[in-house]
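See structure below.
None of the figures in this text is laboratory data; all of them are computed from the coordinates on show. What you see is a predicted model, and the numbers here were worked out from it, not measured in a lab. Note that we place each Cβ from the backbone using ideal geometry, even for glycine, and neighbour counts take in every protein chain shown.
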Amino acid sequence: MTAIRFVVPLAVAAMLAAAPSFAQTTKAQEESQEKTIQLSQVPKAARDAGQKALGAAPTEAKIVNGTNPQEYELEAKAANGKETSVHVRADGTVVKKESE
């Protein structure tokens, strides 16, 4: 019973320590699947939905390879300098919103 009192906290600490590196790996993997494209290559429904979600006209577009249905990442800079991005499908469905 005494050993469990020490092993469980150590196991939890090890999992928590590994979590940030897992998040960084996932972000790196996600970015490796993206390819920069012209905004004009993004379907109009996706551009319109992205602009509405961003609150500003997108300044950069990427296609996310390996997604089905196809996703696009649109980015814009806010007035405060923060970069915001959204993942949208060709039909205009917003999948995810991120701020950096």
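So the values come out like this:
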read-out: Backbone HN-Hα couplings from phi across the stretch 89-100 [Karplus 6.51/-1.76/1.60, Hz, Gly and Pro as x]; value: 8, 4, 7, x, 6, 7, 9, 7, 10, 10, 10, 10
read-out: Stretch gain in nm, segment Thr67-Ser40, where the contour uses 0.36 nm per residue and the Cα spacing is subtracted; value: 7.7 nm
read-out: Debye equation applied to the C-alpha atoms of the stretch 34-100, log10 I(q)/I(0) at 0.14, 0.16, 0.24 Å⁻¹; value: -0.32, -0.42, -0.96
read-out: Estimated FRET transfer efficiency when R0 is 35 angstrom, pair Gln33-Asn80 (beta carbons, to 0.05); value: 0.75
read-out: Magnitude of the charge dipole, the stretch 56-100, Cβ model with Lys/Arg +1 and Asp/Glu -1, debye to 20; value: 80 debye
